[in-house]
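Beneath this line is the structure, given in structure tokens, with notes to follow.
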């Protein structure tokens, strides 16, 4: 079934708030020209994609097109991507120039994921101490 090889099943998506929060809190950040990726190991035999695009990025049509292009780039690059990663693509600032093509996003995503994999292989990132909201003695004075 050649169609299954390039499908994008629901299992390959980050869907819940909990999955996104875990990725944000325990993942590493890797920035490219037009993408910011938050990446962490998930312990699964496949990688999963989550998308987060703020309203600062542009109107809904611009945001939705960016998300479609990112999903398609992830889907097409799937066999070449390292397995076992949760990836959140963050689009928080508008892109200058022409809208990004699927090929450009795919190449940048592959390069950033290779970089993230090298960082993750060196060991887990140091955990930052949470200051916690509303706890403690005020502003730390």
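A few points about this structure:
- Exposure proxy shown here: for 68, 63, 40, the number of other Cβ atoms within 10 Å sets the order, fewest to most, as 68, 63, 40.
- For segment 7-119, taking the reciprocal of the average inverse distance between every pair of different Cα atoms yields a Kirkwood hydrodynamic radius of 14.0 Å.
Only the coordinates and a few stated rules stand behind these numbers; no lab work does. Please read all numbers here as calculations on a predicted model, not as lab measurements. So basically every Cβ, Gly included, is an ideal-geometry build from the backbone, and we count neighbours across all protein chains shown.
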